[in-house]
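In what follows, a single structure is set out as structure tokens and then discussed.
The values are calculated or read from the model by the stated rules, or taken from the named source; none is laboratory data. These numbers were taken from a predicted model, which means no experiment stands behind them. Neighbour counts run over all protein chains shown; Cβ positions are idealised from the backbone, glycine included. Heavy atoms of the whole protein, side chains included, go into the accessibility calculation; ligands, DNA and RNA do not. Shrake-Rupley method; radii C 1.70, N 1.55, O 1.52, S 1.80 Å.
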Amino acid sequence: MTSRMDPTGRQARGRRALAGFAATALGAGALVAAAQPAAGAVSADPWVGELPGNPISDVYRFTVPVDAVTDATGIEDGVVAVQGNFGPGGAWTDLTMGTDGPNLTATYGPLEPGLYYYQYAARPGWDEDAVAFRNPDAPQEVTSKPTYSTLFVPGPGAEWLADVDGGGALETLEYGAGPARGGEALVWTPPGYDEDRAEPYPVLYLLQDEEQGYREWAELGRVAQIMDNLTLDEDAEPMVVVMADGEDPGPAGITKGLLPAVERALHVSRDGAGRAIAGIGRGAEQAIAALVDRPREFAGLGSFSGGSDARFTPGKVRQINATTDVVRLYAGNVTDPGYDDTVALAGALTDAGVDFQSDGSDPETGGTWDTWQKNLHDFAQRLFRDVDDDGPSEGHLPFEERELPAPGTTPTPWIDPHGVVTFELGPEFADASTVRVWGNFGPSGSWPRTPMVQQDDGSWRLSLALDGGSYYYKFVVDGVDHKDAGNPTTVFSEPTWSTFAVGGDTLRGRYTAPVPENARGEVAVMDYPSTAGGGEERSAYVWTPPDYDPERAEAYPVLYLQHGGGQTWTDWVEVGYIDRILDNHYRRGTIAPMVVVMANGNGVDFPTEITTRIAPAAEDQYHVSSEADRRALAGLSMGSGHTLSTLWAHPGEFGYIAAMSTFGTVPDDADVEAINAGTRLLRIYTGDVQDFTYAPTMQLVASMEERGVDHEFAPVIPGPHSWDVWQKSVIDLLPRLFTDGADAS
């Protein structure tokens, strides 16, 4: 390589020295302005935007013209999805699009603040390969993955990822001569970069993983935004960041090729004390190899989801410990493909006596840019300065070896203590083209399809980090639904579904967790003669509190709780986990002692059924009250219609009324005066615009306001027409029954 010298004989530095080399891209190098998304843009893709008219923010709708799919892929009438890191913990997942006139749409959210990356994909059928595409009117945002687009959701917790005024510059460095000609790197220089300042800038070198492009550090890793915010807030030393192409094998590609080029082109340190290096996966392995090969060349090393087969000899260990200020290991949760390698690396460093720090396992995200963004944010703050705390980030877990059971040996799914759920489908589906888990794992109970990974024996597995709550799911194999044979939980109305619950400190996590056996109420079956089919016998589930006393002096208040359309009397228990919700409320002392009756509302005149068959049977078989102010009636969807039709027809017979995801209007002949006089509570719940009954619910609320029906309209719950919404509704409702009312906690 050659160096350009200024007339005084000093080596020329910085952008001023590079300007003349932009055309030739030879010798010392050249910096060329790199393309960046427009500042403040949420998405450059006109096909995506916030859901209009939604009371909940950060819910997004993807709208693709049907003709555009055919133009981009040649596929007509195929299956179209949005694929992106929208799944739990940033997992790559599919949002199947539905037809809406001339368009295909998918709605998802609310999304947590942060960066999302996605593509559209069409396939002629479920068992055929997908063809990925992006909006042709959107710019190409990810150089190495040309079908990708990005969506940045601003908000709390993502301020450090947002664009900021007065930031640094992002440019391309072209370098190399002879056989090495054509090398390229991306360079971020800090705000106020001064090529003539007395002290050279420290420099951080970043290497990408295999199957990544080095520009992904900026395009998906948001290096510029992270470093801008850290530098302007004085949370990191002003430094230069070089994102290098890690395709060149071995440490020589770094120390003998890249470093000299950067030092000729920029005013950066040529001393190991002013250099640091980090990488993802393979890039981490290369960074470690460079440190072991030349221990004095770097004062800091960061391994992001990486490992190493390097041999740490005693001499190398002494040199590393003497000259390296920080060696820090990072990884996502156990879904991170680099997790096991990181655990092994931590063990190897410990055994060799290398001084290192562990950031621990991030329980929230796996092997994704969400994780590596956080890794960089933490690592950059520790470089070229004294830092008192060298422990893991708050909430991170220690690195521990993880061993899953051998395929087919235990029931599934497996749920580890930190909420990571692993699904398994056996090798009998080894020849399948696509296998996905379809469950309510999306934001607020929505249903993405997440691809499973085929194992060496032909079986399929998928691990997801889920928040606390109850879940229902099924396998979709080449478009055909299959039940998890390893988890044959019963869902009578949906025979291919299975269910499970994950503990955790979320509302649904707290209330769907099992309580100790001695604190549980009893769920029994009550038979009763129905008005349907000439008096056929039907069944209902009945929950009684753990200290239920059929001989106590005062009859228990009773809640009649109804299911929705396409469901039946078992769903509130089998899918809604209402027994656990009641157990948890009762154990906390947040609800009055009550009996809950869940009967079959299908195919009957419900006001007649509840008043002449269900309630009389409950009063005959259980010690429950027949007094209006000791009776409540509630339901979801169709069950809410049953509830309200009973209120209109029999005002004053049920003192507490609640409707979830409802519809209708107040009938013209409704006795509003009797309704108001006889109802202590009338409370309405709904999901957001994703809930297809949202508009009918708002119509009902407007009708009640116009007619003067006293009611409460609960805050809108984010989510679609789903059990997530209804569980949150009933958790809120229960403490309000048979008392003066209190918020659930």
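Yes/no per residue for (1) surrounded by 23 or more Cβ atoms within 10 Å (Cβ to Cβ); (2) closer than 25 Å to P55 by Cβ; (3) among the hydrophobic types (A, V, I, L, M, F, W, C); (4) out of contact with any helix residue (DSSP H, G or I) (no Cβ under 9 Å at 6 or more places or on another chain):
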| residue | (1), (2), (3), (4) |
| --- | --- |
| T612 | no, no, no, yes |
| S626 | no, no, no, no |
| G678 | no, no, no, no |
| Y685 | yes, yes, no, no |
| D691 | yes, yes, no, no |
| L700 | yes, yes, yes, no |
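Among the numbered criteria (1) in contact with a helix residue (DSSP H, G or I) (Cβ under 9 Å, 6 or more places away or on another chain); (2) assigned to a strand (DSSP E or B), which one does Y193 miss?
(2)
Has the stretch 386-404 got any residue that is within 30 Å of E199 (Cα to Cα), in contact with an Asp or Glu (Cβ under 8 Å, 6 or more places away or on another chain) and either touching a residue at least 24 places away in the same chain (Cβ under 8 Å) or acidic (D, E) (or both)?
no
Can you tell me which condition R402 does not meet? The list is (1) touching a strand residue (DSSP E or B) at 6+ places or on another chain (Cβ under 8 Å); (2) closer than 25 Å to D505 by Cα; (3) modelled with pLDDT under 95, and all the others hold.
Only one criterion in (1) touching a strand residue (DSSP E or B) at 6+ places or on another chain (Cβ under 8 Å); (2) closer than 25 Å to D505 by Cα; (3) modelled with pLDDT under 95 is unmet by R402, namely (1).
Is it true that some residue in the stretch 597-605 is among the β-branched types (V, I, T), within 39 Å of the chain's Cα centre (by Cα) and open to solvent by less than 20 Å² (accessible area, probe 1.4 Å)?
To start, the set of residues in the stretch 597-605 that are among the β-branched types (V, I, T) comprises 597, 604.
Filter once more, keeping what is within 39 Å of the chain's Cα centre (by Cα): 597.
Pick out the ones that are also open to solvent by less than 20 Å² (accessible area, probe 1.4 Å) and you get 597.
Yes, the stretch 597-605 contains a residue that is among the β-branched types (V, I, T), within 39 Å of the chain's Cα centre (by Cα) and open to solvent by less than 20 Å² (accessible area, probe 1.4 Å).
Within the stretch 492-549, work out how many residues are open to solvent by less than 50 Å² (accessible area, probe 1.4 Å), part of a strand (DSSP E or B) and under 15 Å from A615 (Cα atoms).
Final tally of qualifying residues: 8.
What number of residues within the stretch 329-342 satisfy the criterion of being crowded, with 20+ Cβ neighbours inside 10 Å and part of a helix (DSSP H, G or I)? Spell out the reasoning first.
Pass one, the stretch 329-342, residues crowded, with 20+ Cβ neighbours inside 10 Å: 329-336, 338-339, 341-342.
Now restrict to residues that are part of a helix (DSSP H, G or I): 339, 341-342.
The qualifying residues number 3.
Only one residue in F423, F441 is under 17 Å from T335 (Cα atoms), touching a strand residue (DSSP E or B) at 6+ places or on another chain (Cβ under 8 Å) and assigned to a loop (DSSP other than H, G, I, E, B). Which one?
F441
Restricting the search to the stretch 120-132, which residues are closer than 16 Å to S149 by Cα and out of contact with any Ser or Thr (no Cβ under 6 Å at 6 or more places or on another chain)?
Answer for the stretch 120-132, where residues must be closer than 16 Å to S149 by Cα and out of contact with any Ser or Thr (no Cβ under 6 Å at 6 or more places or on another chain): Y120, A121.
Scanning for something farther than 18 Å from D127 by Cβ and open to solvent by 50 Å² or more (accessible area, probe 1.4 Å), does the stretch 431-446 turn up at least one residue?
No, the stretch 431-446 contains no residue that is farther than 18 Å from D127 by Cβ and open to solvent by 50 Å² or more (accessible area, probe 1.4 Å).
Mind listing whichever residues of the stretch 405-415 are in contact with a Ser or Thr (Cβ under 8 Å, 6 or more places away or on another chain), modelled with pLDDT of 90 or more and of a type outside the set (V, I, T)?
P413, W414
Among the listed residues T150, T172, which satisfies the condition of being at pLDDT 95 or above, touching an Asp or Glu at 6+ places or on another chain (Cβ under 8 Å) and of a type in the set (S, T, Y)?
T150
Between T410, T422, T450, which is of a type in the set (S, T, Y) and buried (at least 21 other Cβ atoms within 10 Å of the Cβ)?
Matching residue, one of T410, T422, T450: T450.
Would you confirm, using the coordinates I've provided, whether L582 is modelled with pLDDT of 95 or more, under 30 Å from G504 (Cβ atoms) and either over 33 Å from the mean Cα position of the chain (by Cα) or among the polar types (S, T, N, Q) (or both)?
For L582, the condition - modelled with pLDDT of 95 or more, under 30 Å from G504 (Cβ atoms) and either over 33 Å from the mean Cα position of the chain (by Cα) or among the polar types (S, T, N, Q) (or both) - is not met.
Taking T409 as meeting all but one of (1) under 30 Å from L329 (Cα atoms); (2) out of contact with any strand residue (DSSP E or B) (no Cβ under 9 Å at 6 or more places or on another chain), write down the number of the exception.
The failed condition is (1).
Yes or no: the stretch 465-475 includes at least one residue that is modelled with pLDDT of 95 or more and farther than 24 Å from D94 by Cβ.
Scanning the stretch 465-475 turns up at least one residue that is modelled with pLDDT of 95 or more and farther than 24 Å from D94 by Cβ.
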